[in-house]
1. Using alpha carbons only, how many angstrom separate the centre of region 297-351 from the centre of region 119-166?
2. If I take every Cα pair under 8 Å that is 6 or more residues apart in region 274-351, average their sequence separation and divide by the length, what percent do I get for the relative contact order?
3. Neighbouring Cβ atoms within 10 Å as the yardstick, rank THR305, THR225 fewest first.
4. Determine the alpha carbon to alpha carbon distance for each of LYS211/LYS233; LYS183/LYS233; LYS5/LYS338; LYS47/LYS211 and list only those over 22 Å.
5. Once each part is reduced to its C-alpha centroid, what is the distance from region 81-96 to region 43-58 in angstrom?
6. Sort 184-194, 18-28, 55-65 for me by packing, meaning the mean count of neighbouring Cβ atoms within 10 Å per residue, highest on top.
7. With runs of 4+ DSSP H residues as the only contributors, calculate the mean residue ellipticity of the chain at 222 nm using -39,500 (n - 2.57) per run, divided by the residue total and rounded to the nearest 500.
8. Expected output is a single nm value to one decimal: the length gained when fully extending between ARG111 and GLU71, i.e. 0.36 nm times separation in residues minus the C-alpha distance. What is it?
Amino acid sequence: FPSLKAAYPGLRMGTTLNLDEVYGRDLRGGEIIRHHFSAISPENLLKWESAQPQPGRFAFEAADRYVELGERNGQFIVGHALVWHSQTPAWVFQNADGSPASRDTLLARMRNHIHTVVGRYRGRIGGWDVVNEALDEDGTLRRSPWLNIIGPDFIAQAFRFANEADPQAELYYNDYSLENPAKRAGAVRLIRDLQRQGVRVTAVGLQGHHKMDWPTIAAEDSTITAFADLGVKVAITELDIDVLPRVVPGNTAEISARGEAAGCNCESNPYVLGMPDSVQQALAQRYAQFFDLYRRRSDVVKRVTFWGVSDDDSWLNDWPLRGRTNHPLLFGWRGEPKAAFFAVLRAASPG
Ligand code: G3I
């Protein structure tokens, strides 16, 4: 098959790697990664809980493999994520006796973590998600131990530390649902505020966890414009399109329990036996629309990274309910290129 990266020379075409792919235990995935992608992101292995599980004890084995693999493949290597409220061990925010750490202690830990991790791969990891998901849906800062203990300047501090550790690396603010006007406005305020303080930010990462009916292409386009107007680039960092019906919030535990008892979440898992042709086609069309946009905006959108190589890899099989059968990517459960794959190739050269 023609390769995605060759079809979109103006974009870095990326995918995220899990441990099986990093350690070469997934040959099929490895082949897809080499052939189609010019950029890689680490799904979990560079998060704080993986990179520094215990105070001062760093664990770089998987990350070293990941970076070596990217170098062998000649790919642009992304780091994810330095400062996040999730997948960060509790000890980071506590003293030895369990009481909350002070601002100075937490800042020192943040600085040490960023300097150690970014410094180790200086000149090799080309860009970092420095701060991940710091905003709430209404555009205010998310309440998290980072905010509670350090205060709002934890974001600027993280970017300063990352810049010290690798002045050449691209530095990203990464978040989801920035297509929602209130959240997008919050991100625009945040970036402007960082720029006013002279903090270096290269790009905003729009995670791109899309649904079939959200966001609209127009909303995606105006979100790209909102950040382009600030003079930063945009990367689509975690692209997938959820094809399953929404689960009503508050109902998830009950549906999960019922599903597990029945051996499957049948009600909320309609495509367990495969995706009907109509849904294949609808997904293909939706992907084509997004890639048509990303290609047209490639003066601003510099990278598009899928969150998973093939459908069997996707986190969406476990969210918001465990064990659903989702089909959100370009390659299917057996690694086969789907209609969406061919639609993305076609969208590269319209007309
Ligand atoms: O590795 C353990 C395994 O040993 C254990 O048996 C199993 C049982 O649950 O869990 C495994 O760990 C899981 C891990 O993924 C590796 O598969 C964790 O439970 C699970 O929580 C973790 O989920 C990750 C999630 O971030 C955590 O928040 C997903 O893989 C990963 O795709 C997802 O990625 C995030 C981005 O980092 C940030 N943006 C949103 C995106 C999707 O949630």
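Throughout, read-outs are computed from the coordinates displayed, never taken from laboratory work. All of these numbers come straight from a predicted model, not from anything done at the bench. Cβ sites come from the backbone with ideal geometry, for glycine too, and all protein chains shown count toward neighbours.
1. 27 Å
2. Relative contact order, region 274-351: 38 percent.
3. With the sparsest Cβ surroundings first, the list reads THR225, THR305.
4. LYS211/LYS233; LYS47/LYS211
5. Their Cα centres are 10 Å away from one another.
6. With the highest mean Cβ count within 10 Å placed first, the list reads 184-194, 18-28, 55-65.
7. Details: 13 runs with 139 residues, N = 351.
Taking each H run of at least 4 residues, the total per residue is -12000 deg cm²/dmol.
8. 11.7 nm
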